[in-house]
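A short write-up of the structure that comes next.
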């Protein structure tokens, strides 16, 4: 995996645990639903969701993975840190569980969160025409994804579907 969760181990000394815990505490705020909402830097996932990220030992790492390393005191590489609250911006330790990827996928399926939902979202003809007009006028696929509530890869797929239906350029 590339990016902030590239599989590098996060092993922290007691002093580093305290340092990172204080950095995390300064960037969080308790929410009404019990989550500890991350207010620091974020990266956008392929699906378009924001994910909390921070610098840890000179590398960008997902903040919830640093929290897990602080709390559990062990290396979490090769495992996922699953959010029991299903809030990717939450870093509350009691909402995080170290699990296997298959456990995470099973949890996702049980809760009805299919990985394809952002593409399979129904686009009305009007929305599709509007999005194609925006893209033709120079809007990037990334901005169109944000505007229409789908991922950038989904915009790319919808553009392909639209072009195949209208046979533009033929």
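Worth a mention:
- Averaged over residues, the count of other Cβ atoms within 10 Å places the peptides 65-72, 79-86 in the sequence 65-72, 79-86, highest first.
- Once the gyration tensor of the Cα atoms in region 3-110 is diagonalised, the equivalent ellipsoid follows with semi-axes of 19, 17, 14 Å, ordered largest first.
- Spin-label model, residue 86 to residue 72: label points 7 Å out along the Cα-to-beta-carbon direction sit 2.2 nm apart.
- Taken along the Cα-to-beta-carbon direction at a fixed 7 Å, the label points for residue 30 and residue 109 span 3.8 nm.
- Length released on extending from residue 129 to residue 16, taking residue separation times 0.36 nm less the Cα-Cα span: 35.4 nm
- What separates the Cα centres of region 29-62 and region 142-167 is a distance of 27 Å.
- Counted residue by residue at 0.36 nm each, then reduced by the alpha carbon distance between them, the extension gain from residue 139 to residue 59 reaches 25.6 nm.
Every read-out reported here was derived from the displayed coordinates using simple, explicitly stated rules and does not represent laboratory data. Being a predicted model, the structure only gives us computed values, none of them experimental. Glycine also receives a Cβ, built like all others from the backbone with ideal geometry; neighbour counts cover every protein chain displayed.
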